[in-house]
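Questions regarding the structure given below will be posed in turn.
The values are calculated or read from the model by the stated rules, or taken from the named source; none is laboratory data. It should be emphasised that the depicted structure is a prediction, and the values quoted were computed from it without experimental measurement. No Cβ is skipped: glycine too gets one built from the backbone with ideal geometry, and neighbour counts run over all protein chains shown. Heads up: the accessible areas ignore ligands, DNA and RNA and are worked out on the full protein's heavy atoms, side chains in. Shrake-Rupley method; radii C 1.70, N 1.55, O 1.52, S 1.80 Å.
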Amino acid sequence: MNDMPARGWGSAVFLASVALIAGQIVLMQALAQAQGHHFAYLVISLALLGFGCSGTVLALGREWLLRASEWLLPALLLGTSVGMALGLGWAQRAAAEIDFHLLFVEWRPWIRVPGVVAGAFAPFFLGALALGLVFTREVERIGRFYGANLAGSAAGAAIGLGVLFLVPPERAIPLLAMFPAVAAWLGRPRGTRVRHRTFPRTGYGWAIGASACLLLAIGVFLRVPEAPMSPYKAMQYSLQLPDSDVVLDRPHPMGRLQVVTSPALRYGPGLSLHYRDDIPAVPHLYRDGDSYGAVVPPPRQGSHILEASVMALPLALRDPERALLLHGGGGAGAGLLLHREIPEVTAVEPHPIAARLLRGMHAPAGVDWTVETRDARAFLNRPSRHYDLVVLPVQGAFGGGLGLRSIQEDYLLTVESFERILGALREDGILTVSVYIDQPPRAGLKALGLLVNSLRAAGIERPAEHVAAARSWDMLTLVASPQPFEASDRSRLADFTGEHGFDRAWIPGFGPAPDDRRHVMQDDRLAVGVEAILSGDRQAFEQEYPFRLQTPRDNQPYFHQFVRLDRLDEVRRIFGAGSLAFVEIGSVVVVATVILLGVAAAVLICLPLLRLGWARGGRGPVFAYFSAIGLGFMFLEIVWIQRFTLFWGNPLYAAAGVIVALLCGMGIGSALSGRMPARPRFLRGILGAIVVVLLALLWVQPAFFAVALAWPEPVKWATGLLMIGIPAVLLGFAFPGGLRAVGRGYPAQVPWAWGINGCFSVLGAPLAAVIAMGAGFHVVGVSAAAAYAVALLACGRLRGHN
């Protein structure tokens, strides 16, 4: 049934796709500001089930929906516009009122969650239903429309990031709501009589509807209030202090940066208990409401507060001429280095707004003060000068964190990163990292193990002679050098710790100081762990320890992941029943998301079978094919974002580059698929080529990146985009080719195939994260190739190719 004109539908699909992808990006940032990235991850995943649900609705009501498609398409797009303008904003405001951590303790906080998910779900469901309606109706021309969908998605990724440079998310959302309103006007009925009297028969009615949606979006944009933030975020606590004030507020795709001042807002990490002077009140930085550091410039006179901190240990051991500060944040460490008048100080800070604040920090006369706006790994990848001192950002949180960062990749804290840092040091240079002490100790011991493994990888046989450590009441500072520390260094270590009342956690070549017991606890696992890692049976200690201390590598860059599945009972005994979510909530969220999505996907996929039935054949190959290409695509996207983050250097821009190149290449492939023969051998050949190319790239890319890291940035970006875009052309044949085959053999199953692909595409992202955390990104890449191999096997049994 294809008697209606499709004029304007390609443009409508393009604009709708722009809105849906850009809306995902903006909503992710909006929810991250309101509640946190962990909550945003959960809500977005559930909201995107709208794509799978749209396939279920299409499969159940296919005949009626196709008959009404002439007016239904623009109506759905108008609903998408209204849903984006009102629903997404509602989701952000409602999310801020939820106490996320109590979701894992009692049932009452869950009462608000369905409202948040519903507000986010509605526009994605309506938009996906509109796209699925087009694909079902125009299955013989699917290449053209799926190509428009991919091209619009690529443009949406770029637009979503671009608008966040200009306005905060709550104001970006209504701007994006204008796209589906225009799409509704372009996809309106033309030249035919509409039978349903409840909808307008002429273009005037659709023009009024589209204009109303545009006016609604503009009104929301002009009147939208500032989005609320969870009262449990760090910034909200600061705003409750006397005379607190937000003196800087700047939106950015890398996170909204705000600066708060208050006479009671002070900063003194690792501070000596011997310190008797006033602790200065300093501005604090917050990114999306979470702490991002403090602005502690060099004082005009007197000493710097951090000189009385255990963080000053490396400056007690050396008088550096050239220092490098990685991920400088607010500049507390930079202020100390500038105060010591080190002749050359370089700070590397990836957030452009924070980097601008660092550049504004006053440097004493004679100090060469430079700030690089780039990721630390990108800075280390290029040939650079050698340094006497490299300072890493402080790890952990005061009193121990909640494991919010357990699912976040950190490529600065891997063996490969530390190898590059050690290579950037002079022969007697020092690498230092300070870690808040958690109980039982986890981050400090893992950081020490990372230092030891990196020293061994650099050819150092006795790391214990190259490491020194001191602890205060709340912080552990580790230093390492390519050269063994000498007697003079041990003497300086003793003088520094004695003056400030710190404990020598490790004396190079000797071990922990038995007489330093100022900060020893009754069950001092930190001292036992330090000694085991540096001079004892490290393997036995790590096997028996209840937390994961294995050294992270680029393949598994999860420094902040500590929970071991085989020791969960012991963790419960340590922290109490029901406390796992407070130990490592990020991992709990990912696993919970996979379970929820898996159950929901099973329901959405099985519901259409009540109407379609299973006995009439073709269900198995259709399910296998479209679930496989959905998973394979998402696995591949996740792996390539990980790899190109290391190659291009910036996680945000790498993700945007991969998504745009991948979707553009697939769009070209989809457009070409309509001109290619619909023979079974052709699609099998394409899928076989995809499997071979993906497996080859798993091994070719690392070798290529090792050679090309030093290339100029434009050349790196051009070659990287080609390395993604060319294979993506092949990927673009898979979905339209399979859908066209199903349309010829089993047209009633076309909506079901669309829903299956949507469900497994949404499930693929969190499932890839679980696999990466457990086995590494390389296994995710192999799984992507395996998924397309399954599609290759199922392809031969699609009825349209028999």
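Please name all residue pairs, on different chains or six or more residues apart, with Cβ atoms under 9 Å, provided the first residue is in the range 164-175 and is in the same structural domain as Arg93 (by TED's automatic domain parsing) and the second residue is open to solvent by less than 10 Å² (accessible area, probe 1.4 Å) and among the acidic types (Asp, Glu).
none
Somewhere in the range 42-54, is a residue touching a Ser or Thr at 6+ places or on another chain (Cβ under 8 Å) and within 17 Å of Asp99 (Cβ to Cβ)?
There is at least one residue in the range 42-54 that is touching a Ser or Thr at 6+ places or on another chain (Cβ under 8 Å) and within 17 Å of Asp99 (Cβ to Cβ).
Let me ask something else about it. Going by the structure shown, is Ile407 part of a strand (DSSP E or B) and in contact (Cβ under 8 Å) with a residue 24 or more places away in the chain?
No, not satisfied.
If I ask for residues that are hydroxyl-bearing (Ser, Thr, Tyr) and touching a Pro at 6+ places or on another chain (Cβ under 9 Å), which ones from the range 131-179 would you list?
At the first step, the residues of the range 131-179 found to be hydroxyl-bearing (Ser, Thr, Tyr) are 136, 146, 153.
Within the range 131-179, Thr136, Tyr146 meet the criteria.
Further, regarding this structure: Please determine whether any residue of the range 279-301 is of a type in the set (S, T, N, Q), in a loop (DSSP other than H, G, I, E, B), open to solvent by 10 Å² or more (accessible area, probe 1.4 Å) and not assigned by TED's automatic domain parsing to the domain that holds Trp369.
Looking for residues that are of a type in the set (S, T, N, Q), in a loop (DSSP other than H, G, I, E, B), open to solvent by 10 Å² or more (accessible area, probe 1.4 Å) and not assigned by TED's automatic domain parsing to the domain that holds Trp369, one finds none in the range 279-301, hence no.
Quick grid of which residues meet (1) free of Cβ contacts under 8 Å to residues at least 60 places away in the same chain; (2) touching a Pro at 6+ places or on another chain (Cβ under 6 Å); (3) more than 26 Å from Val520 (Cβ to Cβ); (4) outside any strand (DSSP E or B):
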position: Val433; (1), (2), (3), (4): yes, no, no, no
position: Leu445; (1), (2), (3), (4): no, no, no, yes
position: Leu448; (1), (2), (3), (4): no, no, no, yes
position: Ile460; (1), (2), (3), (4): yes, no, yes, yes
position: Leu478; (1), (2), (3), (4): yes, no, no, no
position: Arg492; (1), (2), (3), (4): no, no, no, yes
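Give the residue that is surrounded by the fewest Cβ atoms within 10 Å (Cβ to Cβ), with candidates limited to residues of the range 584-599 that are among the small types (Gly, Ala, Ser) and either over 20 Å from Ala624 (Cβ atoms) or assigned by TED's automatic domain parsing to the domain that holds Ala772 (or both).
Narrowing the range 584-599 to residues among the small types (Gly, Ala, Ser): 586-587, 592, 598.
Of the ones still in play, those that are also either over 20 Å from Ala624 (Cβ atoms) or assigned by TED's automatic domain parsing to the domain that holds Ala772 (or both) are 586-587, 592.
Values: Gly586: 26, Ser587: 24, Ala592: 17.
Filtering first and then ranking leaves Ala592.
Please give the number of the condition Ala689 fails out of (1) open to solvent by 60 Å² or more (accessible area, probe 1.4 Å); (2) within 16 Å of Met666 (Cβ to Cβ); (3) without any contact (Cβ under 8 Å) to a residue 60 or more places away in the chain.
The failed condition is (1).
Condition first: within 24 Å of Ala184 (Cβ to Cβ), under 25 Å from the mean Cα position of the chain (by Cα) and crowded, with 20+ Cβ neighbours inside 10 Å. Now tell me which residues in the range 105-151 satisfy that.
Matches in the range 105-151: Gly119, Ala120, Phe121, Ala122, Pro123, Phe124, Phe125, Gly127, Ala128, Asn149, Leu150, Ala151.
Here is a list: Asp375, Asp368. Which entry is in contact with an Asp or Glu (Cβ under 9 Å, 6 or more places away or on another chain), of a type in the set (Asp, Glu), more than 21 Å from Tyr436 (Cβ to Cβ) and open to solvent by 10 Å² or more (accessible area, probe 1.4 Å)?
Asp368
Listed here are the residues, each with its yes/no results for (1) under 29 Å from Asp489 (Cα atoms); (2) basic (Lys, Arg); (3) open to solvent by 90 Å² or more (accessible area, probe 1.4 Å).
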{"position": "Trp506", "(1), (2), (3)": "yes, no, no"}
{"position": "Phe510", "(1), (2), (3)": "yes, no, yes"}
{"position": "Asp515", "(1), (2), (3)": "yes, no, yes"}
{"position": "Arg518", "(1), (2), (3)": "yes, yes, yes"}
{"position": "Leu526", "(1), (2), (3)": "yes, no, no"}
{"position": "Glu544", "(1), (2), (3)": "no, no, yes"}
{"position": "Thr551", "(1), (2), (3)": "yes, no, no"}
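Same structure, new question: So if I check each of Val57, Val13, which one is among the β-branched types (Val, Ile, Thr), modelled with pLDDT of 85 or more and open to solvent by 40 Å² or more (accessible area, probe 1.4 Å)?
One residue alone meets the criteria, Val57.
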